[in-house]
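Here is the structure we will look at.
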């Protein structure tokens, strides 16, 4: 009651409106509606490792569509070295090839596409894929295996890029011949932003940050 | 008797701006309307289910709507606003959140005594005060005066 004896009226619609404004703060519409992988021919991104001792730059560019083992894919060059990504409704698949060198010749032990990222990105989703094959080279069986695991960690609200997702990858490549077994393990993280794509990643060379980009 | 109408609507939403990972969704709602001077005001509850292009992905939205509609015209312009609780999931991953939703559309009314049947064509926007995307949709509604 106010001093006149009249009941003070609070606009009833303010209560749900305030709840809604507070609840919308986690930007679920942005994460649901946005494209985190804007792959199109001509798009490019440049990354720096921000190191004053060993400065490095990686230039990533999407080339026009190509076809590998009858699958359409985008060649994506990382400072000139190409990876091949096939985009589909279930995510992005990467072309993998393992070769074995013998007597000056290279033999393809394993070749195919594996899941690289399952889309859309949702906190807590995980995926795994593998390829395995073998080849007889000069009477000796060579076995190759490629395994990849990914986990989408919780999104974070980045000041520059909005709601970004980090994906943690574990990759193991194994080549077995009669005398030796070679195992190559890699762990790396990638951070994707809505409408931009990859904005941060780390690998054996350190951590790289997006410095400039151009999307067609 | 109460100068109110109660109705249900069902239809489909198709992503128009954004939401490229979703296919068409199914939408249901229940609502009550009451004439308030020149227009009719109402309140409703709504549920929507969207299947992802990736079959493992799905998105649910449940919400409340306040609506204003000009019922006594053959073509009724309608305006709705409200909020949705959204749940999106793929495999073991899941996220929840809230969105502000608004709808602009037009109904075509076919009346038979106390019953009205109408197709309803509309645009439904979903915003989180950061981005604003939406769906185009069509529903069939049926309502009865109480």
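No lab work stands behind these numbers, since they all come straight from the coordinates. This is a predicted model, so every value here is computed, not measured. In this analysis, Cβ positions are derived from the backbone assuming ideal geometry, glycine residues included, and neighbour counts consider all displayed protein chains.
Pulled fully out, how much extra length does the chain show between residue B:30 and residue B:115, if you take 0.36 nm times their separation in residues and subtract their Cα-Cα distance?
So the chain would gain 29.1 nm between residue B:30 and residue B:115.
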Task: Neighbour-count order for A:212, B:80, A:63, fewest beta carbons within 10 angstrom listed first - done: A:212, A:63, B:80
Open item on the list: Using a Gaussian network model on chain B with a 10 Å cutoff between Cα atoms, which of B:105, B:47, B:18 fluctuates the most?
Closed with: B:18
TODO: Classify chain B as rounded, prolate or oblate from the Cα gyration tensor: take a ≥ b ≥ c as the square roots of its eigenvalues, call it rounded if a/c is under 1.5, otherwise prolate when a/b beats b/c and oblate if not.
DONE: prolate
TODO: Would you kindly calculate the translational diffusion coefficient of chain A, applying Stokes-Einstein with the Kirkwood radius from alpha carbon pairs, for 37 °C and a viscosity of 0.692 mPa s, and quote it in µm² s⁻¹ without decimals?
DONE: 161 µm²/s
Open item on the list: Please state the shape class of region A:122-214: rounded when a/c is under 1.5, otherwise prolate if a/b exceeds b/c and oblate if not, all from the C-alpha gyration tensor.
Closed with: prolate
- [ ] Could you state, as a whole-number percent, how many of the C-alpha pairs of region A:63-119 are farther apart than 16 Å?
- [x] 50 percent
Open item on the list: Report the Cα centroid-to-centroid distance between region A:79-153 and region B:57-80 in angstrom, as an integer.
Closed with: 49 Å
Open item on the list: Taking the 0 to 90 degree range and rounding to the nearest ten, how far is the long axis of helix A:14-23 tilted relative to the main principal axis of chain A, both from C-alpha atoms?
Closed with: 20 degrees
- [ ] Compute the relative contact order of chain B as a whole-number percentage, counting only Cα pairs closer than 8 Å that sit 6 or more residues apart in sequence.
- [x] 24 percent
TODO: Just grab the label-to-label distance for residue A:52 and residue B:43, each label 7 Å out from Cα along the Cβ direction, in nm (one decimal).
DONE: 6.4 nm
Task: Percent antiparallel among DSSP beta bridges (both partners in the protein assembly as shown, rounded to 5) - done: 100 percent
TODO: Have a look at B:61, B:36, B:126 and tell me which one the Gaussian network model of chain B (Cα, springs below 10 Å) gives the largest fluctuation.
DONE: B:36
Open item on the list: Residues of region B:12-32 with the amide nitrogen closer than 15 Å to a label point 7 Å from the Cα of residue B:62, along Cα-to-Cβ, please.
Closed with: B:28-30
- [ ] Report the percentage of all Cα-Cα pairs in the protein assembly as shown whose separation exceeds 25 Å, rounded to a whole percent.
- [x] 64 percent
TODO: Stick to the Cα atoms of region B:29-110, pair each with every other, and give me the Kirkwood hydrodynamic radius in Å at one decimal.
DONE: 14.3 Å
Open item on the list: Just to be sure I understand the curve: with the Debye formula and one point per C-alpha of region A:43-170, what is log10 I(q)/I(0) at q = 0.11, 0.12, 0.15 Å⁻¹?
Closed with: -0.54, -0.64, -0.94
Task: GNM top mover of A:112, A:150, A:42 - chain A, alpha-carbon springs below 10 Å - done: A:42
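Using only alpha carbon pairs under 8 Å that are at least six residues apart, calculate the relative contact order of chain A and give it in whole percent.
18 percent
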